[in-house]
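For reference, the structure discussed in these notes is given below.
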Amino acid sequence: STSNDSKSADVTIGPAGDVTMHVGDLDQAGSDQGRTWTASVTIKVESGGHVPVSGATVSGAFSAGAKGTASCITSASGTCFVTKARLRGTGVTFSVTGATHATRTYQGGNNHDPDGDSNGTTIVVPHP
């Protein structure tokens, strides 16, 4: 007797040869701790075909009022987040400075933000 079992899976594939990535969304939030506050930025990394990229290490810097760098590694949903605590003042800016991945090349010129609250590279986090 023979068996002809078949199995299928849903697989999302970008355009052939797509080995690039870029930031496809930046979102911000702030939380007040009384005398200080914390800024949080969620970063979404996508392939050139707009498919979420996991395992990308994103690096960035906070503006002078926050002084410091931060990095995070994207999850299966292509997102990660960075925070900066003990802030004082009216707000800070976070700028993506680069991204690395084992099999993809970062193309910062393709960064964008569909909801328009950033340019995909830099976002302002106002004091809450």
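The values are calculated or read from the model by the stated rules, or taken from the named source; none is laboratory data. Being a predicted model, the structure only gives us computed values, none of them experimental. Neighbour counts run over all protein chains shown; Cβ positions are idealised from the backbone, glycine included. Ligands, DNA and RNA are stripped out before the accessible areas are found, and what is left, the full protein with its side chains, is counted by its heavy atoms. Shrake-Rupley method; radii C 1.70, N 1.55, O 1.52, S 1.80 Å.
Where the accessible area of the chain is counted over protein heavy atoms with a 1.4 Å probe, how much of it, in %, is carbon and sulfur?
Result for the chain: 49 percent of the exposed heavy-atom area is carbon or sulfur.
If amide H atoms are built 1.01 Å from N in the plane of the peptide, which residues on other chains or at least 5 residues away come under 5 Å of the amide H of GLY91?
Here HIS127 satisfy the definition.
Along each principal axis of its Cα atoms, how long is the stretch 56-103 end to end? Whole angstroms, biggest number first, please.
39, 18, 12
What's the longest piece of the chain with no exposed trypsin sites (Lys or Arg not before Pro), counting a site as exposed if DSSP puts it in a loop and it has at most 12 other beta carbons within 10 Å?
My reading of the result: 89-128 is the longest stretch.
Hey, can you find the accessible area per residue of the chain for me, probe 1.4 Å, expressed in square angstrom?
On a per-residue basis, the chain sits at 58 Å².
Antiparallel as a % of all DSSP beta bridges within the chain, to the nearest 5? Spell out each step's value before the answer.
On the way: 36 of 38 bridges.
If I count the DSSP bridges inside the chain, around 95 percent turn out antiparallel.
Could you work out the pair-distance distribution P(r) of the chain from its alpha-carbon pairs, with 5 angstrom bin width and percents rounded to whole numbers?
Histogramming the chain at 5 Å steps yields 2, 11, 20, 19, 15, 10, 7, 5, 3, 2, 2, 1, 1, 1, 0, 0 percent.
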